[in-house]
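Taking it in order: structure first as structure tokens, then the write-up.
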Amino acid sequence: MGVCNVTPDSFSDGGRFFDRDHARARVEALLAEGADIVDIGGESTRPGAEPVPVEVELARVLPVVRALVREGLAVSVDTM
């Protein structure tokens, strides 16, 4: 399993994959490394992070999830 956080303030990656092109490159790297499932996160869990409205989280994760599902990939969504 690999993780791709599509948040501007990710605790684990500092927001490097917020941009869709960067997220896509991250997913491709995870698959090349052998990931069978890709977990997409749309809300930061870093200490002090503000909660994200559902609409914002959906706007972040759904384009990535839809693209991966279209390709037949197994996806999970990390959400509150």
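The values are calculated or read from the model by the stated rules, or taken from the named source; none is laboratory data. What you see is a predicted model, and the numbers here were worked out from it, not measured in a lab. Quick reminder, even Gly has a Cβ in these numbers, built from the backbone with ideal geometry, and neighbours come from all protein chains shown. Surface accessibility is based on the protein's heavy atoms, side chains included, excluding ligands, DNA and RNA. Shrake-Rupley method; radii C 1.70, N 1.55, O 1.52, S 1.80 Å.
Of the set (1) over 13 Å from the mean Cα position of the chain (by Cα); (2) modelled with pLDDT of 90 or more, all apply to residue 48 but (2).
Only one residue in 31, 73, 58, 62 is at pLDDT 90 or above, open to solvent by less than 50 Å² (accessible area, probe 1.4 Å) and either in contact with a strand residue (DSSP E or B) (Cβ under 8 Å, 6 or more places away or on another chain) or among the hydrophobic types (A, V, I, L, M, F, W, C) (or both), so which one is that? Steps first, please.
Values: 31 fails: open to solvent by less than 50 Å² (accessible area, probe 1.4 Å); 58 fails: open to solvent by less than 50 Å² (accessible area, probe 1.4 Å); 62 fails: open to solvent by less than 50 Å² (accessible area, probe 1.4 Å).
Criteria check complete, one pass: 73.
For residue 27, the test of being at negative phi, within 10 Å of the chain's Cα centre (by Cα), in a helix (DSSP H, G or I) and not small (Gly, Ala, Ser) is passed. Which number in (1) at pLDDT below 90; (2) surrounded by 18 or more Cβ atoms within 10 Å (Cβ to Cβ); (3) assigned to a helix (DSSP H, G or I) marks the one condition that residue 4 misses? Of (1) at pLDDT below 90; (2) surrounded by 18 or more Cβ atoms within 10 Å (Cβ to Cβ); (3) assigned to a helix (DSSP H, G or I), only one is false for residue 4: (3).
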